[in-house]
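Participant: Before anything else, here's the structure in question.
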């Protein structure tokens with residue numbers, strides 16, 4: 001995680017130093033489950049992230065090698081973001097957070113279809129999403 005000194009070597013601390021704010025995992029979610037790749041697409045998320053926070057979190061994710069920043073082939077002066085393998089490996093974590101929220105948050109807007117798919121065959125769903133993300137990364 002860059003040159004910044006970690007507070008401890010605890011594995012939970014490592015994750016929280018990278019994902020311990022409300023925005024970072026939402027950006028990963030948008031890339032992973034909603035197919036977003038550009039700065040403008042992230043700004044349109046329902047949580048309404050501020051531009052300065054978005055820029056900061058994308059830079060943090062890039063520095064941590066969770067995302068890869070590439071020139072946008074359609075717009076030379078813009079960039080697209082893709083999850084690296086390190087980012088793709090967060091898929092089971094995000095699915096578990098979704099399932100926990102679906103269970104305990106009565107106002108959760110998680111799609112019932114997604115919850116049903118996870119309950120029916122978690123491994124198949126994880127493989128399908130992971131394969132799609134790996135194809136995006138290779139493209």
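Each reported figure results from applying straightforward, stated rules to the coordinates on display, with no laboratory input. What you see is a predicted model; the values in this text were computed from it and never measured. Here Cβ is always computed from backbone atoms with ideal geometry, including for glycine, and neighbour counts include all displayed protein chains.
Participant: Specify whether the C-alpha gyration tensor of segment 1-108 places it in the rounded, prolate or oblate class, a ≥ b ≥ c being the square roots of the eigenvalues: rounded for a/c under 1.5, otherwise prolate if a/b is larger than b/c and oblate if not.
Facilitator: Details: a/c = 1.76, a/b = 1.16, b/c = 1.51.
Here segment 1-108 falls in the oblate category.
Participant: Nearest 0.05, what FRET efficiency do residue 56 and residue 9 give at R0 = 30 Å with Cβ-Cβ as r?
Facilitator: That pair, residue 56 with residue 9, gives E of 0.75.
Participant: Please report how far the C-alpha centroid of segment 48-73 lies from that of segment 75-139, rounded to the nearest whole angstrom.
Facilitator: 18 Å
Participant: Okay, next question. Can you pull the one-decimal nm distance between simple spin-label points at residue 44 and residue 124, each 7 Å off the Cα toward Cβ?
Facilitator: 3.2 nm
Participant: Sticking with this structure for a sec: Report the label-to-label distance for residue 94 and residue 69 in nanometres (one decimal), using points 7 Å from each Cα along the Cα→Cβ vector.
Facilitator: Once both label points are built, they end up 2.0 nm from each other.
Participant: Return the distance in nm (one decimal) between the two label points of a simple spin-label model at residue 117 and residue 21, each offset 7 Å from Cα along Cα→Cβ.
Facilitator: Going by the 7 Å Cα→Cβ label model, 3.0 nm.
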